[in-house]
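Take a look at the structure below.
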Amino acid sequence: MIASLRALLALTLLVGVYLFTGLLVLLWTGFAVAGVWLLGSREANPQFNTTPLLLAAATSVPLALTVRELVRASRPAGPRPDSVLLTRTDGAALWELVETLAEQVGTAPPREIRLTGEANAAVTDDAWPLSPTGRRRLYVGVPLLVGLRPDELRAVLAHELGHYARQHARFTEPAHRAHVGMAMARQRIREAMVVNHLVRLYAGLLLLTVAGCAALTYRLVRPVRRRQELEADRIAAEVAGTAALADGLRSVPAVAAAWARFEEDLVEPVRRATGTVPDAAYRAFAHLLADPEYQPELAALRRAAERLPADGFHPALRCRLDRLGGLPDDPRLPPAPEVTAALAPGPLRRATTYPGRKRPWRTWLDTLATHRAGEAADAVVRVLHPDPERPTVAEVLHRVGSGRADRIARTLDPDPQLGRQQLIEGVSALVGLCLMRAGRVGVTARWTGWGRFTGPAVRHDDITAWVTAALDDPDGVVRLLARLTALGADPEDSVGDTPVATVRVLTIAPELNEDVRRRHRDIANVSLAVLVCLAVLGFARWLGDEPEPPYRPGIVPTRLSDPLDQRPLPGLDTLPGYPLRPTGGGLVPAWTPPPLPDLVPRPATGG
């Protein structure tokens, strides 16, 4: 019964959206025809009235965008362009796990497994609307493969396959496509209104209509989709275990947050500064996730995930965990296999690539650590030496050891302890980079902080101790400079000298994307073409529209204001109502009409 109602809802939404769009097309066509008729009719429009044509031309753009987005959302979309196909040869272990889970949940396995660069997993059943069969695809994010435990990954995959077991995609995907089509149409119409003044004047009502329809579709689909998520959770708990699924539900948003930080705070700044990216980003991400210092923060992200509110078609995570708490957990489940280590590196690399010059991921991690150490040192140098000219290492150390360490720390952070910690880290990075240029130490990347310096003769803790002593004792600066000289470093090097491992490049982004520029031109061309076509049709009808005389040829009344005055003009041979005969003065009636009755009473006269 529930499945029938779900199918009926999906079909009703799908048919309703398409019927509504078809009605809009018919109404626009009728309005355009009426506008052409009004422009070309001399009787109805003595002067050219171009307002209907302007309105038709302006509304044609959002209407065409609505139809196009619905067609795009309805047809089989094919695989995502940012995904990479994982063949059985490259991922035999993952394919075997997916097929085993599909058999356990009671559904057919997907025909394709595709890898993506986002921390998410999803299933699709790509087919035309109302088609009984489609091409099943399972999308798995590479960050999940390297960030989840084997039992968590098995539970997440079982959840996605549970949607197939209940035929969720077949019933709700048409309605979801209709909602996506209307939402994309709303976005495209807003873009068209921004770039085209004609569309902006007249397309507001159509935009409100499309937006209202999209909101209604979303409101109707959302409770059904959320119920389906709970059903898939129950299936996954039976197959992969309740505890493993609960841990997986917490870990997915935590890994997604860590991956977003990896891309935004690590990859992108280094790419802008040096033009380099890791050749295997997933390996660098896994290396940083394994950092023992990052484990407390990752655990905090898992705990924070429990407070996530409902997101679109997904219920609140706390609600899902509470429902899982009432389900039994089977302790006899076999251990989950390790599938990530058996995957071929080629598809994983292609799914997590970035624009830039690729470098081995371990070398890139060294570049990352060097870049972040330079940023930490620059933060202190900007406070001590705001002049454009870069000071030397010795000058910075003398200023730090001049007894103003507490005041400098308060400048870095209002909290004295945090400010002193930032000061020690920045000066330590400055000293470490000086030793690194001399080839005495190397730097290793860490997830927290900017990294650590290591070398055969110098450790990171040694550098920190030297800097701490220099902050508290002016003589410590002298001893620190002596140690740098003894280790072969030059304290007279400028602070801004870039280590050998870093090469700075300049990248300039284009002012406007070519696709956006082409879309703007298409919007303007469509509205102009529709306006010209309608105007040409209206003008052509105006040229062929000859005004018809109000009477038959040869009959012209003398004074229309007086219907009783029937005096004919010379040369007329007929007159409506009675025959005429020629006379010397023209045409006169052949018979005399009877006198009209006297309707006005007259006063009686006495004899």
Legend entry - Single residue of G432, G403 found to be over 30 Å from V140 (Cα atoms), surrounded by fewer than 20 Cβ atoms within 10 Å (Cβ to Cβ) and small (G, A, S): G403
Inset, instruction - Give the residues of region 357-383 that are without any contact (Cβ under 8 Å) to a residue 40 or more places away in the chain and hydrophobic (A, V, I, L, M, F, W, C), sorted by residue number. - result: V383
Legend entry - Test set (1) at positive phi; (2) surrounded by fewer than 17 Cβ atoms within 10 Å (Cβ to Cβ) - G241 fails condition number: (2)
Legend entry - Residue that is modelled with the highest pLDDT [pool: residues in region 183-212 that are of a type in the set (S, T, N, Q) and assigned to a helix (DSSP H, G or I)]: Q187
Inset, instruction - Determine whether region 440-456 contains at least one residue that is over 37 Å from the mean Cα position of the chain (by Cα) and at pLDDT below 85. - result: no
Legend entry - Condition check for D366: over 30 Å from L412 (Cβ atoms), part of a helix (DSSP H, G or I) and acidic (D, E): no
Inset, instruction - Kindly indicate whether G106 is on the phi > 0 side of the Ramachandran plot, touching a residue at least 12 places away in the same chain (Cβ under 8 Å) and assigned by TED's automatic domain parsing to the domain that holds A232. - result: yes
Legend entry - Tabulated pairs, region 331-356, first outside any helix (DSSP H, G or I), second exposed (fewer than 11 other Cβ atoms within 10 Å of the Cβ) and not acidic (D, E), C-beta under 8 angstrom, 6+ apart or interchain: A344/T89
Legend entry - Flag for L324 being assigned by TED's automatic domain parsing to the domain that holds G117, touching a helix residue (DSSP H, G or I) at 6+ places or on another chain (Cβ under 6 Å) and either part of a helix (DSSP H, G or I) or not basic (K, R) (or both): yes
Inset, instruction - Run R362 past the list (1) at negative phi; (2) crowded, with 18+ Cβ neighbours inside 10 Å and report the number of the one that doesn't hold. - result: (2)
Legend entry - Residue within region 382-391 that is modelled with pLDDT of 85 or more, surrounded by fewer than 23 Cβ atoms within 10 Å (Cβ to Cβ) and assigned to a helix (DSSP H, G or I) present: no
Legend entry - Any helices (runs of 4 or more DSSP H) falling wholly within region 213-305 and containing at least 1 residues that are under 19 Å from G325 (Cβ atoms), in contact with a helix residue (DSSP H, G or I) (Cβ under 8 Å, 6 or more places away or on another chain) and of a type outside the set (F, W, Y): 242-261, 295-305
Inset, instruction - Please give the number of the condition G35 fails out of (1) modelled with pLDDT of 70 or more; (2) over 15 Å from L206 (Cα atoms); (3) surrounded by fewer than 20 Cβ atoms within 10 Å (Cβ to Cβ). - result: (3)
Legend entry - Verdict on I424 being in a helix (DSSP H, G or I), at pLDDT below 85 and either in the same structural domain as A281 (by TED's automatic domain parsing) or touching a Leu at 6+ places or on another chain (Cβ under 9 Å) (or both): no
Legend entry - Residue check for A438: over 21 Å from P269 (Cα atoms) and without any contact (Cβ under 8 Å) to a residue 12 or more places away in the chain: no
Inset, instruction - From A429, A457, grab the single residue that is in contact (Cβ under 8 Å) with a residue 24 or more places away in the chain, in the same structural domain as W364 (by TED's automatic domain parsing) and not in a loop (DSSP other than H, G, I, E, B). - result: A429
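The values are calculated or read from the model by the stated rules, or taken from the named source; none is laboratory data. Small disclaimer: the values here were computed from a predicted structure and weren't measured. All Cβ positions, glycine included, derive from the backbone under ideal geometry; neighbour counts span all protein chains shown.
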